[in-house]
1. Filter the range 274-301 for residues that are open to solvent by less than 40 Å² (accessible area, probe 1.4 Å) and in contact (Cβ under 8 Å) with a residue 60 or more places away in the chain and give the result.
2. Which one of these is open to solvent by less than 60 Å² (accessible area, probe 1.4 Å) and farther than 23 Å from residue 90 by Cβ: 56, 72, 8, 34?
3. Given (1) over 19 Å from residue 137 (Cβ atoms); (2) in a helix (DSSP H, G or I); (3) open to solvent by 60 Å² or more (accessible area, probe 1.4 Å); (4) in contact (Cβ under 8 Å) with a residue 24 or more places away in the chain, where does residue 14 come up short, assuming only one miss?
4. Quick check on the range 75-93: of everything there that is open to solvent by 80 Å² or more (accessible area, probe 1.4 Å) and under 27 Å from residue 141 (Cβ atoms), which residue is modelled with the lowest pLDDT?
5. Does residue 96 satisfy the criteria of being open to solvent by 10 Å² or more (accessible area, probe 1.4 Å) and closer than 19 Å to residue 59 by Cα?
6. What residue, of 163, 200, 135, is open to solvent by less than 80 Å² (accessible area, probe 1.4 Å), touching a residue at least 40 places away in the same chain (Cβ under 8 Å) and part of a helix (DSSP H, G or I)?
7. When residue 40 is evaluated against the numbered criteria (1) open to solvent by less than 90 Å² (accessible area, probe 1.4 Å); (2) under 48 Å from the mean Cα position of the chain (by Cα); (3) free of Cβ contacts under 8 Å to residues at least 12 places away in the same chain, which criterion, by number, is the only one it fails?
Amino acid sequence: MTIVANQATIAVRNAQLFSRMLQQQRQLEAVLHAIPDLLMVLDESGSILLINEPAATLIDRPGDTLIGRSLAEFVTIDGVDGVLEQIQQIIQTPLQSGGNWTFEVRSERQKRDYLVSVSVWENPPAQTAGYVVVLRDVSTLRDLTRFKDEMLRIASHDLRSPLALIVGYCSLIELDIAPDSPINDYLQTIMRATERMKGLLDAMVRVEQIRKSPLEMHEHVIFAELVRQAAANMQMAIYNKQQQMDMQIHLEDAPGVTVNSVLLRECMENLISNASKYTPDGGRIIVRAYRHESRLIYEVEDNGIGIPKEHLPRLFQSFYRVKQPGTEGIEGRGQGLSLVKTVIERHAGDVWVESEPGVGSRFGFWIPI
């Protein structure tokens, strides 16, 4: 009876474990079919162990017929052109423990873009391993990017010619009218507007070029000297508004850094310029630079009009400008802070802002040493 009872207990326990395993398997299958991303689980040789319906649709085969078949069979079939090729190249190399690859591919036949993530899975007790492949359809985002690039091309090329014609004909008309004619005021207004538009186009194209082109960080500089040079370049603008600029530089133990000094100095000058523009005549501006652990930090603080809290998250977006009392006569294109953010992120750093209306603002960034 004891032997029978023990065997019955084991049988019941195995049945419970089997039931739980089936339940977990159904849950896993439900998750696989619910996610919109294309997902495949492969063994070390590239044979398919699991595949969800969107991934099976890409290969254009029923999912249950793909289990156990090698991914290499479908690399060159119609409709998959190029999508699986890089995945197969990873599988053909020796498996790397903890390996992780991320890249983008495009299917020209389907006109779809995919962000591909390949990770290694391991089961040491069973001495098995393989790959988890996830393909995320990012076609909508890439179409928007291509549309933006096309609009930038139009802005940088097709709009410059009519702007140049407007300025040229305004200059010709100005030659043919009397100096005291009221038409001169109209012409000057037109020319100022076209100059602002040209400046906006230049700034927009410049930000995009910095974001997409390789950033050559080849110049070894002393960060403190770069800060002093930026402040010196802005001294005349500060003087014209009768403002006071205090320098607080504590970089005695900071080593030199390899940066793009022209763009980094432009970022520093931009923050000082903004502080001056949004600070009343006679105000105070503080420029700080110091080292914190493995970072070099640059800050510009003012006692100007300040910025409402709800605007702070969007300040570094292109073309975003805060509309509030006191800013009506301040010129700007909403591209300066976007350029700062782009350049600093290309230097592997970050930007921030703190502000309170009526008290002032503090903008800053850090770059790694």
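1. Answer for the range 274-301, where residues must be open to solvent by less than 40 Å² (accessible area, probe 1.4 Å) and in contact (Cβ under 8 Å) with a residue 60 or more places away in the chain: 274, 275, 279, 287, 289, 296, 297, 298, 299, 300.
2. Exactly one of 56, 72, 8, 34 is open to solvent by less than 60 Å² (accessible area, probe 1.4 Å) and farther than 23 Å from residue 90 by Cβ, namely 8.
3. Only one criterion in (1) over 19 Å from residue 137 (Cβ atoms); (2) in a helix (DSSP H, G or I); (3) open to solvent by 60 Å² or more (accessible area, probe 1.4 Å); (4) in contact (Cβ under 8 Å) with a residue 24 or more places away in the chain is unmet by residue 14, namely (4).
4. Among those that are open to solvent by 80 Å² or more (accessible area, probe 1.4 Å) and under 27 Å from residue 141 (Cβ atoms), it is 78.
5. Answer is no for this residue.
6. After applying the criteria, what remains is 200.
7. Result: residue 40 fails condition (3) only.
The values are calculated or read from the model by the stated rules, or taken from the named source; none is laboratory data. Just so we're clear, the structure is a prediction, and the values are computed from it rather than from any experiment. Virtual Cβ from ideal backbone geometry, glycine too; neighbours counted across all protein chains shown. Only protein heavy atoms, including side chains, enter the accessible area calculation; ligands, DNA and RNA are left aside. Shrake-Rupley method; radii C 1.70, N 1.55, O 1.52, S 1.80 Å.
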